[in-house]
Amino acid sequence: MEKIIDENKQGQSLTLEQKEGNTRKLFIESYGCSMNFSDSEIVASIMKDQGFNTTQNLEEADLVLVNTCSIRDKAEQTVRKRLEKYNAVKRDLNPKMKVGVLGCMAERLKTKFLEEEKIVDLVVGPDAYKDLPNLLAEVDEGRDAINVILSKEETYGDISPVRLNSNGVTAFVSITRGCDNMCTFCVVPFTRGRERSRDPQSILEEINDLWSRGFKEITLLGQNVDSYLWYGGGLKKDFVKATDMEKATAVDFAKLLELCAKEQPKMRIRFSTSNPQDLTLDVVETMAKFNNICNHIHLPVQSGSNRILKEMNRLHTREEYFELIDNIRRIIPKCTISHDMIVGFPTETEEDFQDTVSLMEYVKYNFGYMFTYSERPGTMAGRNMEDDVPEPVKKRRLQDIVDLQRQHSEFRTKEFLDTEVEVLIEKESKKSTEQWSGRTSQNIVCVFPKGDFKIGDFVKVKVNNCTSATLIGEGIALSMNN
């Protein structure tokens, strides 16, 4: 699945400014991709209006919610352990506590959680968060509550998310929900439904609100952002039935990107995640046209073998991917490119794996996210293919590409030595209280002495040194973007 899973964020409990008069306590944890963390902000906003303030103290919570992921077996096992912990607290310390599961895993394991194992009180799918107050009322009256109905319309465009654990500098803005790409390894089409896009006006309003509150960078978020298409509402697949007027006034992703860039010309804009078959050259050309659109594309490929790509139902070939990479490099020479890669997919031979290695050698990605294949129940591969690559072979192949990526990351990062980059300061460096940490337009972390700069500043930095993943430099001056 093309989703960036940040291991450092897994299981974060979220907190926000307390609303006066709210008497109930909400403890909410998130696992999985950026979309899950963004959804937790929507849930917190809904529950804030229902009398709940967030807490990081599990024992005092009236309601405990875990926002879940079904992408990898590891995530499901982690969530199960957390549910055991919640139930132990509920049994021993706080019998009034209610426990609920949100998101993708909720949709997939609804019956198991509620009826067979009886480890939760409510189950809420990714399109049913607005129904939380009604579901909670059911639970308060002693009944189990469930809503995992997938919507054809819900985009949560009318809800202003509460920014949870925010650095006050960067924020996610969700623009699409669901996915129409039926990759055989992926559960998302079954857990999040068909693809639909959010009204561009509501997106611009959210961006303007973030700017007014001091945010300096946004990431447009979706399972497949390049597939964004607004023609007045409805599913992407139904665009063929749209009227001539709806088609003539439709907004695709390249146009949305341009609207956002013009709306706040000093705000940095990123997007994630792209799909090779849907990333059109007009998107890349729009990126090149506007200085505030960041020069980084996360472009999952999953495998370098045409045979395996076909087995995965990826609608692009190795050769088409190379052509796209070449065009990106031609149009935006300084653009960084990252990837997702799966090894050990069913029937993958050593020859298939070497095709992946040679693809990585061709592209020399700046960084990437690499996994062994994990069979997910309910997917096409899970139903129809035997997980036949031995675990030791999977692990060896994974280590091989991790080692290769480390070499490529070092090579790419060194390209920035003795250059000047613009860094948006996000936080204090983990390793030194004397240094700031931020990212360049190319999404590379950069650290430098604090000087007179502060969080939220755009700073020109001279790069003097680097590790394989981090630039090390010195701040020269504020950039023109401040």
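For a 4.7 Å threshold on C-beta separation, the list of partnerless cysteines in the chain reads Cys33, Cys69, Cys104, Cys179, Cys260, Cys294, Cys335, Cys446, Cys466. Net length available on complete extension from Lys266 to Asp282 is 3.6 nm, with 0.36 nm assigned per residue and the Cα-Cα distance removed. Here the stretch 209-242 and the stretch 95-131 have alpha carbon centers that stand 28 Å from each other. Averaged per residue, the chain has 42 square angstrom of accessible surface, using a 1.4 angstrom probe with ligands and nucleic acids left out.
Using a 10 Å cut-off on Cβ atoms, rank the peptides 119-130, 471-482 from the highest mean neighbour count down. Numbers along the way, then the final one.
Working: 119-130: 23.5, 471-482: 16.1.
Highest-to-lowest ranking by the protection proxy: 119-130, 471-482.
Using θ = phi - 60° in the Karplus curve 6.51 cos²θ - 1.76 cosθ + 1.60, the 3J(HN,Hα) couplings for the stretch 20-32 round to 4, x, 6, 10, 9, 10, 10, 10, 10, 10, 10, 10, x Hz; x is entered for Gly and Pro. Summing charges over all other residues whose Cβ lies under 9 Å from the Cβ of Gly51, with Lys and Arg as +1 and Asp and Glu as -1, gives +2.
Between the listed residues Thr155, His296, Val445, the Cα displaced farthest toward the positive end of the dipole of the chain, a dipole computed from Cβ unit charges relative to the Cα centre, is found at Val445. Per-atom-type breakdown for the chain gives carbon and sulfur 49% of the accessible area (1.4 Å probe, protein chains only).
Centre-to-centre, using Cα atoms only, the stretch 429-482 and the stretch 306-374 are separated by 31 Å. Of Asn94, Ile146, Ser374, which is farthest along the charge dipole of the chain in the positive direction, counting Lys and Arg as +1 and Asp and Glu as -1 at C-beta? Comparing the listed Cα positions along the dipole, Asn94 ranks first.
Under 5 Å between amide hydrogens, built in the peptide plane, is the criterion, and for Thr219 it picks out Ala171, Phe172, Val173, Arg270 among residues at least 5 positions away or on other chains. Sparsely packed loop sites in the stretch 88-180 (the GluC sites (Glu not before Pro) outside DSSP H, G, I, E and B with at most 14 other Cβ atoms within 10 Å) comprise Glu117, Glu141, Glu153.
All Cα-Cα distances of the stretch 108-160, cut into 10 Å bins from zero to the largest, leave 24, 49, 23, 4 percent in each bin in turn. Restricting the calculation to Cα atoms, the stretch 206-342 shows an Rg/Rh of 0.99 when the hydrodynamic-style radius is the Kirkwood one. The lysines whose alpha-carbon is closer than 18 Å to the alpha-carbon of Lys19, local same-chain residues fewer than 8 away aside, are Lys48. Over the chain, DSSP H runs of length four or greater, each weighted -39,500 (n - 2.57), average out per residue to a 222 nm ellipticity of -9500 deg cm²/dmol. In a DSSP loop and with at most 16 other Cβ atoms within 10 Å, the chymotrypsin sites (Phe, Trp or Tyr not before Pro) in the stretch 279-349 are Phe290.
The values are calculated or read from the model by the stated rules, or taken from the named source; none is laboratory data. Everything quoted here is computed from the prediction, not taken from an experiment. Cβ sites come from the backbone with ideal geometry, for glycine too, and all protein chains shown count toward neighbours. Surface areas here come from the heavy atoms of the whole protein model, side chains and all, with no ligands, DNA or RNA. Shrake-Rupley method; radii C 1.70, N 1.55, O 1.52, S 1.80 Å.
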